[in-house]
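Readers should treat all values here as calculations from the given coordinates under stated rules, not as data from a laboratory. Fair warning: this is a prediction, and the values are worked out from it, not measured in the lab. Using ideal geometry, Cβ is built from the backbone for each residue, glycine included, and neighbour counts are taken over all protein chains shown.
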Ligand code: UD1
């Protein structure tokens, strides 16, 4: 298993391009199942999670061509699909559950294992299943497998509510949307998730011939069509990757320009940076953290994670790393995944002063962090540890970096290009 060895204390300086959004490309790859014709994708990130999804598609008989490392993939689903997604692949990543909607729409039935993925708290799929039931499907689960069966004559349009106590479910919105595009009649999704990745999927489906209106709002209307066809689609930039590199610049006090991103997707995050006293210049597709005077500290700034356009839960851990060095106390409140605090104990090892209070964390900024060995536990928690390592005195060793490889394309070479001292080693 690889580890990262980081020597902290370097101001980052330079430009870093953002790749395609992990949370967009995974469901879009699943959407390729909906047609027998070819789906051509551009701006595909080279990530472990993408390889997992490609593995599932190949297992289902899809022809996948192109170079993932070159950003392009072409996928063509076969005429006949055996709609069974095996546990060995599905357990690796929660997003693989999003093949269920497309398989159900295309084949009239599907068997998919309960998903795996990042392990923060209980992550149910009840809203996904309720949505399929609303479209007329029969849902059963037995021995860790969810089986869904469309009614005679196929799925039929319906009114579906997708809210959860924590806001809308992003995954359920996409899964049910993909099932509904081939249903008979009109489906209205109420309480739909408004994340940019939902809109990107809808755009891809529209390019394939689907009739979808209102994506990006809480009410999405879908007029079912008989079939979908070939399309070409460019995946949107990853706003979480962009936000992570902005935090890297702000933490180290350097000038970091994040390129090929969409500033409009990061409004709540930019607002938090502004409150923290981080100056960020912006253009149409770039953001640049401005350098900070040596010794000047950031203002403590509270954040609460919320559905889009609120502060994203996927940047909560990175923000906590930033506030660990702020000049005072800030409160980080998690409202989407109440137990998403695995990074907290590891940040303590680096000398941070943070304590948990219910679903919030109280972060008392300290003057300095000091390097230590820490354990990556989930994707974004691990990114927070790498960020903290960039400013900790001495050497930080981040173990189990495969979590980071799931969602960041070669983070160590991107940070090294910005001047960080970071290297990947095989753990002995
Ligand atoms: C997606 C993102 C993930 C992000 C999350 C929230 C992908 C591949 N992953 O995950 O990076 O952190 O959105 O923005 O896009 N819930 C239920 N029942 C359900 C489904 C969800 O109660 O059936 C709850 C969840 O436990 C959670 C909340 O709803 O508290 C939001 O989860 P959801 O939006 O579904 O997250 P994912 O789609 O899994």
Coordinate range along principal axes, alpha carbons of the chain, Å, largest first: 68, 44, 40
Pairwise centroid distance, computed over Cα atoms, of the stretch 300-352 with the stretch 1-29, Å: 19 Å
Equivalent ellipsoid semi-axes, the stretch 203-269, via Cα gyration tensor eigenvalues times 5, rooted, Å: 36, 14, 7
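Based solely on its DSSP helices, what 222 nm [θ] is calculated for the chain when runs of n ≥ 4 H residues each add -39,500 (n - 2.57) and the sum is averaged over all residues, nearest 500 deg cm²/dmol?
-8500 deg cm²/dmol
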Average silhouette area of the stretch 35-81, convex hull of alpha-carbon atoms, in square nanometres: 2.9 nm²
Beta bridges by DSSP in the stretch 128-228, antiparallel share as percent, to the nearest 5: 75 percent
5 Å-binned pair-distance histogram of the stretch 22-234 (Cα, whole percent): 1, 8, 17, 22, 23, 18, 9, 2, 0
Angstrom value of the Kirkwood radius, inverse mean 1/r, which spans all Cα pairs in the stretch 305-428: 14.7 Å
Of all DSSP beta bridges in the chain, antiparallel share, percent nearest 5: 70 percent
Prolate/oblate/rounded label for the stretch 151-223 (Cα gyration tensor, a/c 1.5): oblate
Whole-angstrom gap from the stretch 193-240 to the stretch 69-147, using each part's C-alpha centre: 18 Å
Cα gyration tensor shape for the stretch 337-380, rounded if a/c is under 1.5, else prolate or oblate: oblate
Proxy reagent accessibility, fewest Cβ within 10 Å first, across 35, 304: 304, 35
Which of 98, 138 has the fewest Cβ neighbours within 10 Å, and the rest in rising order: 138, 98
Among beta bridges that DSSP assigns inside the stretch 22-234, antiparallel share in %, nearest 5: 70 percent
Calculated on alpha-carbon atoms, Rg and Dmax of the stretch 1-100 in Å: 16.3, 56
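How many percent of Cα pairs in the stretch 226-313 exceed 23 Å?
Working: 1101 of 3828 pairs.
Cα-Cα pairs in the stretch 226-313 separated by more than 23 Å: 29 percent.
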Estimated FRET transfer efficiency when R0 is 41 angstrom, pair residue 232-residue 140 (beta carbons, to 0.05): 0.65
Förster radius 45 Å - calculated FRET efficiency between residue 421 and residue 217 (Cβ-Cβ, nearest 0.05): 0.50
Semi-axis lengths (Å, descending) of the ellipsoid that matches the C-alpha gyration tensor of the stretch 157-315: 37, 17, 9
